[in-house]
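Here is the structure we will look at.
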Amino acid sequence: MAVDKLLKDEATEEKGERARMASFVGAMAIADLVKTTLGPKGMDKILQSTGRGNSVMVTNDGATILKSLHIENPAAKVLVDISKVQDDEVGDGTTSVVVLAGELLREAEKLVATKIHPMTIISGYRLAAEYARNALLQKVMDNKEDEEKFKSDLMKIAMTSLSSKILSQDKEHFAKLAVHAVMRLKGSTNLEAIQIIKKPGGSLKDSFLDEGFILDKKIGIGQPKRIENAKILVANTAMDTDKVKIYGARVRVDSMSKVVDIEGAEKEKMREKVQKIIAHGINCFVNRQLIYNFPEELFADAGVLAIEHADFDGIERLALVTGGEIASTFDNPELVKLGHCNLIEEIMIGEDKLIHFSGVEMGQACTIVLRGASFHVLDEAERSLHDALCVLSQTVNDSRVVLGGGWPEMVMAKAVDELARTTPGKKSNAIEAFSRALLAIPTTIADNAGLDSAELIAKLRAEHHKEGSPAGIDVISGSVGDMAELGISESFKVKQAVLLSATEAAEMILRVDDIITCAPRKREDRM
Amino acid sequence: MALAFDEFGRPFIIIKEQEQKTRLRGLDAQKSNISAGKAVARILRTSLGPKGMDKMLQSPDGDVTITNDGATILEQMDVDNQIAKLMVELSRSQDYEIGDGTTGVVVMAGALLDQAEKLLERGIHPIRVAEGYEMASRIAVDHLECIANKFEFGAADIEPLVQTCMTTLSSKIVNRCKRSLAEIAVKAVLAVADLERKDVNLDLIKVEGKVGGKLEDTELIYGIIVEKDMSHPQMPKQIEDAKIAILTCPFEPPKPKTKHKVDIDTVEKFQTLRLQEQKYFDDMVQKCKDVGATLVICQWGFDDEANHLLMHRNLPAVRWVGGVELELIAIATGGRIVPRFQELTPEKLGKAGLVREKSFGTTKDRMIYIEHCANSRAVTIFIRGGNKMMIEETKRSIHDALCVARNLIHNNSIVYGGGSAEISCSIAVEAAADKYPGVEQYAIRAFADALDAIPMALAENSGLQPIETLSAVKAQQIKENNTCCGIDCNDVGTNDMREQDVFETLIGKKQQILLATQVVKMILKIDDVISPSNY
């Protein structure tokens, strides 16, 4: 007797071949979706949100595209997830990882069709991935010792990362910005210290890196617009009514005169606080919270520049730049470390007034001001720059570098091919398939650039037959070129992460032979 | 539905809203139950063994889980059928008791049900079948005791433990680095184990995962990791020889539970209150400082002012630390959890050799490591992996491995894996069957056949010819009188599981057989299923 109902209503189960098919198709669809954005001639996508305003986003960043999609297929979700992780971990290569995983699955599908068990494919892939990583590891360049060379490496990496983005026109300019910004971090990967301010207007070329720090705030009225040799107190304290924090306290009075008294006392309290703050010997006070009119006036009287409502990140960065500490109590002026800078002034970017701190002591944080024609351009520029910054900051920590333009894939494919020839058994088919999947990346780059990929890849393979060839695809001239000469480099860490997570994801999807989907949770329609 | 009628032809209403309920009785009920149980077992069958496949489960909210763990699959499967739910329970209880073998127990139960169905068709009463199963399970368990091996291990010689954990891990996706993971699991268990009392408190092992990096980066930390950062961005990121004050009271003015009001009606009162408030913060920080703490870990939040005072006095602090973590920190550092500032004393401080903050990736993920603790009885396994699902699956696998290691410390008997124990039991049960007079004999023989299902499934999943392989192995066992012959899943070339180092724990196997028999008995005893019809 057949069981008619094992699972709940609407829950479905797919088994064996069908399950595998469903996950292959889903994963490949996702890979094909982002495929066209790969490489310097990759195209962008428009994403329109379903939310209010149907806001539009134009992007080339794989992670951003996938993040914004609503996906039903569980296998596709795995790919979206790896792309997201790639973004968090190394910041770049988000498209490559999905494309590679998709290709691995495409090859796996062919193998499964020839009746090779998924487990055999997996063990082959594993061997191949390990071998490919080692092959790449042998070819890495490490210029950590030589500062000049290292810097030029960074520059090349930044340019390569940026060349596939909207900033490619001015990649040199932006690469310089990014390298400078990252060098200032001195090995930390805390990208928060790099502030990116977007101001529409002007052209992308007008973007600049500011050595100092720019705070997107206005100076209080009646206060000095320019302070030289500023001593800055960075604070996080209530400057509105400074409530009594003891629970249950409330004011209860029985006559009007007492109200006046208490109001006076409150004012007195605030005045005292302001006095204490001023007693630090400062001429600039930056607070995270609001500053009410009354204390602001007091500050103005004392000739102190008071800036209110700087957001939390701003405060932290400012503290980093000026070397001051974030204070909340003001009783011991001698213990509080004040921040210093040579000049505070109000500047204009476009139509907006901003406060500019220059000549700061600790150069850890910096500001990049992006200019561009529209918000979409600026958003995309920010994402691209963020990618470049991420890669650079990771490279500073792990200074191993490989060439770009499909070179690493060719190197790995060659090594994996050799492995396939020496491996006995069915596994060798899977290993061969792995090498084919690796080749898909340079193929896609060539295809996206409108080049004859078959011809180019064949040439590249021949070229790579020689030991230590630096050949890769030169998209600009449409031929095989010397990547070392063209200065196209990528970070080893990014490539390694792409290889490993793509293999891991492919393995995960291959292992599945049964998909059980629960009934979707009923949602209240809130229209 | 059968209805009873009185002498005037009116139907008796026995059950409330009788017409609306569906009812299955007698043999039909048993058969439908059996087929439901078998259906569940069928889903899990392909997950068994080192070459078993995974299942992808999509939850009602659309989250995807990919797993090989029987208990997890069944738990998330959204099962509706009552008997299927029993099977889910079965796998769960194996998970609670033993932690491993959750797939095997369900496959076993499925096989028993399959055999029972055949016996029922021959007209044997279900209770007789159940009794026969009961006898057979006793024989099997006794036999397991006979073939079990004890093996000795100590704190220095962990190799046997590692081998057993590796057997567990080899069926999971993490088998790429099963060796290192098994070592981590064993070391973690040994670190927290009380070898005298043979007791392991797994709560002391915290399994923490962070997306990113690769599986090989997974590490065991003799200490605690807290997913928090220092409360003030400018506090020191590294503290050596930390003395830790563990607090469960907020750095905020007190909030008494009783309703009260502080009335302010004069200027003086306003000012005294203000001074008091300031003093309050000062006192709190001073108290921590006085007892000599160099790090404050607090369950609650800090007021901005308190935060600054702490930082000012050079007292790093961590806020919003969860209750469980707080407890673990207290255990690890040998400190006491202090609920009030007044009760802080130097003795109550925890000690740790090194506390540091570490950041990951490009986003601002930071974690605090508390290492070199005074009492290293609490450990953390920190898992890294390519994506979220991978981490989750690794967590489950590590949990299984931990359970296995714990069971071994409880009881150091092992049996050989790869289906060898089942085959051996099957032979023993088969031989014993002939001694029982009566109908039970058939049931006992059926039990022996059911035991073969596990090696059969193993062989099938490994792409071998199931019947051919099984009969060959069985013949070998009898001929050589060697109970270690099993299915050669990894195509190593030998059937001897002793050479392949494939072990399982004795209690795990015993529990599998007992639990499966129990559930099957229960299912066989049901002869009437009344369920409300769909509405």
Subject >> Amide H contacts under 5 Å for B:V338, placed H, 5+ residues apart >> reply: B:I246, B:L247, B:T248
**OP:** Measure nothing fancy, just the Cα-based angle from helix B:102-121's long axis to the longest principal axis of chain B, in degrees from 0 to 90, nearest 10.
**Re:** 30 degrees
**OP:** Scan around A:I307 for amide H atoms under 5 Å from its own, H built in the peptide plane at 1.01 Å from N, and keep only partners 5 or more places away or cross-chain.
**Re:** A:F285, A:V286, A:N287
**OP:** Find how many whole Å separate the alpha carbon centroid of segment A:198-215 from the alpha carbon centroid of segment B:297-321.
**Re:** 37 Å
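Stokes-Einstein D for chain A at 10 °C, 1.306 mPa s, Kirkwood Rh over Cα pairs, in µm²/s? Could the numbers behind the result be given before it?
Values: Rh = 26.7 Å.
Answer from the Stokes-Einstein relation: 60 µm²/s.
Could you work out the percent of alpha carbon pairs in the protein assembly as shown separated by over 59 Å, rounded to a whole number? If you can, show how the numbers build up before the last one.
Numbers: 137266 of 563391 pairs.
Value for the protein assembly as shown (Cα pairs over 59 Å): 24 percent.
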Original post:
Considering every residue in A:110-119, what mean count of other chain Cβ atoms within 10 Å of its Cβ is obtained?
Top reply: 2
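I need the fraction of alpha carbon pairs in chain B separated by more than 36 Å, rounded to a whole percent. It would help to have the intermediate numbers written out before the result.
Values: 69039 of 142845 pairs.
The proportion of pairs with Cα distances above 36 Å equals 48 percent.
Students often get this wrong, so check it: of A:K35/A:K198; A:K218/B:K358; A:K84/A:K217; A:K35/A:K110; A:K151/B:K237; B:K85/B:K118, which have C-alpha atoms separated by over 31 Å?
A:K218/B:K358; A:K84/A:K217
If one computes P(r) from the Cα atoms of segment A:56-129, what percent of pairs lie at distances over 14 Å? Working shown, then result.
Values: 1778 of 2701 pairs.
Of the Cα pairs, 66 percent sit more than 14 Å apart.
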**OP:** Return the distance in nm (one decimal) between the two label points of a simple spin-label model at A:S358 and A:E268, each offset 7 Å from Cα along Cα→Cβ.
**Re:** 4.6 nm
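Per the Cauchy relation, a quarter of the hull surface: what is the mean projected area of the convex hull of the alpha carbons in segment B:113-238, in nm²? Let's see the in-between values first.
On the way: hull surface 57.6 nm².
Dividing the Cα hull surface by four gives the mean projection, 14.4 nm².
Under 8 Å for C-alpha pairs, at least 6 residues apart: give me the relative contact order for chain B, rounded to a whole percent.
Working: 989 pairs, mean separation 140.1, N = 535.
Relative contact order, chain B: 26 percent.
What is the average number of partner chain Cβ atoms found within 10 Å of a Cβ in B:301-311? If you can, show how the numbers build up before the last one.
Values: counts 0, 1, 2, 10, 8, 3, 4, 10, 5, 1, 4.
Across the residues of B:301-311, the mean count of other-chain Cβ atoms within 10 Å is 4.
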Original post:
Helix B:420-433: angle to the longest alpha-carbon principal axis of chain B, degrees 0 to 90, nearest 10?
Top reply: 40 degrees
Subject >> Straight-distance crosslink candidates among aspartates and glutamates, where the alpha carbon sits under 14 Å from B:K525 and sequence neighbours closer than 8 are dropped >> reply: B:D28, B:E117, B:E131, B:E134
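Contact order normalised by length for chain A, with contacts defined as Cα pairs under 8 Å and 6 or more residues apart; what percent is it? Each step should come with its number before you reach the end.
Numbers: 953 pairs, mean separation 142.9, N = 527.
The value is 27 percent.
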Original post:
Tell me, how many Å apart are the Cα centres for segment B:152-201 and for segment B:212-241?
Top reply: 24 Å
Original post:
Once you average over the residues of B:469-482, how many Cβ atoms of partner chains fall within 10 Å of each Cβ?
Top reply: 0
Original post:
By how many degrees, between 0 and 90 and to the nearest 10, does the Cα long axis of helix B:82-97 differ from the longest principal axis of chain B?
Top reply: 60 degrees
Original post:
In Å and whole numbers, how far do the C-alpha atoms of segment B:289-383 stretch along each principal axis, longest first?
Top reply: 39, 32, 22
Original post:
Long-range amide H contacts for A:I282: which residues qualify at under 5 Å (H placed 1.01 Å from N, peptide plane, sequence gap of 5 or more or a different chain)?
Top reply: none
**OP:** In whole Hz, with x marking every Gly and Pro, tabulate ³J(HN,Hα) for segment A:21-29 from phi via Karplus 6.51 cos²θ - 1.76 cosθ + 1.60, θ = phi - 60°.
**Re:** 4, 4, 6, 4, 4, x, 5, 5, 4
Original post:
Could you give me the ³J(HN,Hα) list for segment A:446-458, computed from phi with Karplus coefficients 6.51, -1.76, 1.60 and θ = phi - 60°, whole Hz, x at Gly and Pro?
Top reply: 5, 4, 5, 8, x, 9, 7, 5, 4, 4, 5, 5, 4
Subject >> segment B:238-375, relative contact order in percent, only Cα pairs under 8 angstrom and at least six apart counted >> reply: 35 percent
**OP:** Would you kindly derive the ³J(HN,Hα) couplings of segment B:55-69 from the backbone phi angles with the Karplus curve 6.51 cos²θ - 1.76 cosθ + 1.60 (θ = phi - 60°), listing them in order in whole Hz, with x for Gly and Pro?
**Re:** 10, 9, 10, 10, 7, x, 8, x, 6, 9, 10, 10, 8, 10, 8
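Each value in this text was obtained by applying a stated rule to the coordinates, not by laboratory testing. This one's a predicted model, so the numbers in the text were calculated from it and none came from an experiment. Counting neighbours? That spans all protein chains shown, and the Cβs are built from the backbone with ideal geometry, glycine included.
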